[in-house]
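A short write-up of the structure that comes next.
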Amino acid sequence: MIEARNIHFTYPNGVEALSGVSVEVKTGEFMAIMGQNGAGKTTLVKHINGLLKPTKGEVLVNGTSTKKVSVAKLSREVGFVFQNPDHQLFCETVEEEVAFALRNFNFSKQLIKKRVTWALNLLSLTQYRQTSPFMLSGGERKRVALASVLAWNPDIVILDEPTIGQDHQQKEKLRQFIVQLNTQGKTVIIVTHDVEFVAECNPRVALMVQGKILADGPANKILTNRDLVAQASIVPPQISQIFFELSDQDLPQDIINVYDARDVIIKRLEAST
Amino acid sequence: MAIIETANLTYTYPGSTRSSLQDVTIEIKKGEFVVLTGPSGCGKTTLCRCFNGLVPHFYGGELQGDVTVTGLNVTQQAICDLAQHVGLVFQSPENQLFALSVEKDVAFGLENLGIPRDEIQKRVDWALRMTGITNIRERAPHELSGGQQQRVAIACVLAMQPDVMILDEPTSFLDPVGAQKIFDVISRLNKDLGITTILVEHRLDLAGKFANHVIVMDEGKVMLDGEPRGIFTSEDARLIGVGIPKATRLYQVLREKGVSLKRIPMNPEEAARSLREVLTLD
Amino acid sequence: MSVFEGFKFRRVYSPIHQLDPRVKFFYVLAIFVIAIMFNQLLPLILLFLIQLPFVFIAGVQREWIRSLRGALLFATMIFVFNFVFTYFWTEYPLLPSPSLLEHSIAMTLRFIVLVESFSVFFLTTSPDHLGLALEQSHVPYEFCFAFTTAVRFVPVLAEEAQTIMDAQKARGLELERGNFIKKVKNYIPVLIPLIVSAIRRSLELAEAMESRAWGATKKRTNLYVLRMKRGDYVLILISATILILAAYFWIFYREQIPLLSSLLIPLRLAAA
């Protein structure tokens, strides 16, 4: 359970990145934080594992204020996967890379071995165990970064722009993986501006604009609201655009997914014959 | 008229055992808007590097077959000579801008060519106007947003007045609105100035509608090459893992259920129009 | 960081910003030489005051004050060292006298004058102009390009280092833990990604340069050309005059420059 209570954050250079954000994420929820670059999305999630502390207000993670504990301690519960895997890979082998955090958290030798094997298997990286992470392709490096965080089995997983630079198939695999994590009971928060990706996942969506949360609700309600989407400077999903064009045809407006769209149209055609 | 031609092009990077391009034969006509797509590591970027001579002159390696760009044989031309005909815009906006003001960056290529100062001034003004960034001409590139930076990068290439402009995933770090602006600039340059455009892109939702020629690559080979509507709806494209625009995808899933639209839609507007026909028919 | 803030260029327009960097550098050099010539308080105070109009015309007071504030720690150190060392190292230890105090203040002020002049220079000179000045002073173009590129990428790398640190902290790395050796070792997970990324970045830069006809001709042209204007000649004149006057005083009246404290004593007597 994450609670942000009216938090403000100002960077040392004077830029106010968050101006009064309150949000509650329950255990097991799947949430996407969306908005333009510079809207404060990444700043907000960096508050959850304590990398940033609010200048005003407070953030509680499972009841504890982030001001009272270190980043290392919070990270045991909050796994944070950064946008660019190259900003964290430094070890000689993939195995070492995945074990890095476990060593920092003082896991026992046997446990490290067990967790590494488990994480590599989870992301189908077992064959690269002894390979240097620098020899892998972009998509594989991303998976190593993911494995190196999931290895300690955090309850909350945050992914910052997970789809950037990923091709269609990689995105599809990632989507399935995220959904799987969520069904296992983990709280998953993604920061993204990839509307079509979110449309396919259909999570809870929080729209951010200029350091504030503009709207918060199910994806098919938020992303189909033309006003909100325009204010947040994002492009609505294509399916929603189609249904908006057809708004005089008395079709439901909260459709964002291809298969839902198909079913609605077929139902309508069947009804009229 | 073909502006780019390759014949049986095969290329291997130095130290690599696998060819990054295998037997690539394509033809791109003057004024076309080509979308080049395919999974990561399929050789798209390598092919682009062949068009302005980075491959093989900068990277080395072993090249077989022919590449001709604007009538020039790439293997026999220096990169700086090719640069006047072919402009390349890269993926990462910040790593292709080096100067401390926008106009200085736009002038960089022209300065390298030793073009007289008043001519540089004229061309810089023009390039800034065409990309809509005249108002930020004196700002430092690293203080700009990613979208603005990428427009500067396009202006940099445009100032050299190239016949061909290649853009390698120019929007992958941008948000949708920033990306939309980039695509608008690119398509305007293609339409108004007739610059042959090659866009490497995964996100066909936004870019697909501009294309009049699509090339799909996989594992160093050209798998599909032709007209976009046909390619986007082909089973092969789906199997290779091309991210087909959702509007086109809807056409496909409806057809599977026996509902066929008259035309293959490339964007939401076209899809809505075709759907309206079906819905109001009854 | 605050010291560097006082040297960071911000694009504004003022007569000072328009000046030719070569001329401004000549001015800074003149101040530098004079500050080294004199070790008495009086001329150094004059030297300090002479620069104030510059700061105000350029409108960089805020940044300038920040640079001085940043220099405060060093200034204090210089003062304390001068005071203590002169006190113990002179052959006949004097009691802490007004003259000793004045000497220490003078040495501190000399440092401040140097910081002040360089700060004004960097605050009012765009790195672009600086590169151009190098180029037109017949420094090889490759070197000038390297200079401006380095300036351009410093903030980018600083930001990247911060991101990398955050990413590793999120994996439980505690940078401040352990003894000195351990602390140095803690930075390896930050340094390696930073270096790898810098190498990748330079490769991409090289590609982009090549693609924009780098090295096409030996006779490169330039969008900007530095031309000396009236203001530049005025500044040369001012700097030269100050320099000549200072040299004149230094040659003929060096020994006669009074101590401020000795000036104060008759004043105090008169008051009494």
Helix-only [θ]222 nm of the protein assembly as shown, DSSP H runs n ≥ 4, -39500 (n - 2.57) each, per residue, nearest 500: -15500 deg cm²/dmol
Alpha-carbon centroid distance for the pair the stretch B:132-187 / the stretch B:242-282, whole angstrom: 33
The stretch C:100-139 residues near the modelled C:Phe85 label - backbone nitrogen below 16 Å, point 7 Å along Cα→Cβ: C:101, C:103-112
Percentage relative contact order, chain A, counting C-alpha pairs under 8 Å, at least six apart: 22
Convex hull per residue volume in Å³, alpha carbons only, for chain A: 140
Among A:Thr117, A:Thr163, A:Thr66, residue whose mean-square fluctuation peaks in a GNM of chain A (springs only between Cα atoms under 10 Å): A:Thr117
Cα gyration tensor of the stretch C:131-211 - equivalent ellipsoid semi-axes, whole Å, descending: 34, 15, 10
Rounded FRET efficiency, nearest 0.05, which uses the C-beta distance separating C:Leu68 from C:Tyr13 and R0 of 30 Å: 0.80
Förster-model FRET efficiency, 30 Å R0, A:Ala271 and A:Phe244, C-beta, rounded to 0.05: 0.90
Cα extents of chain B along the three principal axes, largest first (Å): 67, 47, 33
Radius 12 Å from Cβ of B:Ile28, net charge of other residues (Lys, Arg +1; Asp, Glu -1): -3
For the stretch A:111-210, alpha-carbon Rg over 2.2 N^0.38 Å: 1.13
Chain lengthening between C:Thr76 and C:Glu176 when straightened (0.36 nm per residue, less Cα-Cα): 33.2 nm
Cα centroid of the stretch A:211-273 to Cα centroid of the stretch B:76-101, whole Å: 41
Anisotropy class of the stretch B:201-282 from Cα gyration tensor, a/c 1.5 cut: prolate
Cα-based Rg / Dmax (Å) for the protein assembly as shown: 31.8, 116
Spin-label model distance (nm) - C:Leu46 vs A:Lys221, 7 Å beyond Cα toward Cβ: 7.8
Kirkwood Rh and Cα Rg combined as Rg over Rh, evaluated for the stretch B:104-231: 1.01
Coordinate range along principal axes, alpha carbons of chain C, Å, largest first: 77, 58, 33
Percent of Cα pairs exceeding the 14 Å cut-off, where the set is the stretch B:93-161: 48
Solvent-accessible area per residue, Å², over chain B with all protein chains present [probe radius 1.4 Å]: 36
Tail beyond 16 Å, pair distance distribution of the stretch A:161-209 (Cα, percent): 36
Per-selection Kirkwood Rh - the stretch B:1-132 (Cα, Å, 1 d.p.): 16.5
Spatial extent of the stretch A:165-248: Rg and Dmax, with the Cα atoms as the point set, Å: 13.7, 42
Surrounding net charge for A:Phe9, when Lys and Arg each add one and Asp and Glu each subtract one, Cβ distance under 11 Å: +2
Modelled label reach - C:Thr217, point 7 Å along Cα→Cβ, the stretch B:114-130 residues with backbone N closer than 17 Å: B:114-124
Convex hull of Cα atoms in the stretch A:91-153, direction-averaged projection (nm²): 3.6
Estimated inter-spin distance, C:Arg200 and C:Ala150, nm [label 7 Å along Cα→Cβ]: 2.5
Å² of accessible area per residue within chain A, as computed with a 1.4 Å probe and no ligands counted: 41
Amide H within-cut-off set for A:Leu251, under 5 Å, with H built and near neighbours excluded: none
Relative contact order, percent, chain C [alpha-carbon distance under 8 Å, six or more residues apart]: 31
Kirkwood-based shape ratio for the stretch A:1-96, expressed as Rg/Rh from alpha carbons: 0.99
Spin-label model distance (nm) - A:Ser108 vs B:Ser16, 7 Å beyond Cα toward Cβ: 4.7
Extension gain (nm, one decimal) between C:Leu157 and C:Phe143, 0.36 nm per residue minus Cα-Cα: 3.0 nm
Part-to-part distance (alpha-carbon centres) for the stretch A:1-78 and the stretch C:205-241, which is given in Å: 47
Accessible-area ranking of C:His138, A:His87, A:His168, largest first, probe 1.4 Å: C:His138, A:His168, A:His87
Contact surface B-A: accessible area buried, both sides summed, square angstrom, 1.4 angstrom probe: 3200
Relative contact order of the stretch B:139-282, pairs being alpha-carbon contacts under 8 Å that are 6 or more residues apart, as %: 16
Charge sum, other residues only, whose C-beta stays under 15 Å from A:Arg76's C-beta, Lys/Arg counted +1 and Asp/Glu -1: +4
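The values are calculated or read from the model by the stated rules, or taken from the named source; none is laboratory data. It should be emphasised that the depicted structure is a prediction, and the values quoted were computed from it without experimental measurement. Every residue, glycine among them, receives a Cβ derived from its backbone with ideal geometry; neighbour counts consider all protein chains shown. Keep in mind that these areas ignore ligands, DNA and RNA; they rest on the heavy atoms of the full protein, side chains included. Shrake-Rupley method; radii C 1.70, N 1.55, O 1.52, S 1.80 Å.
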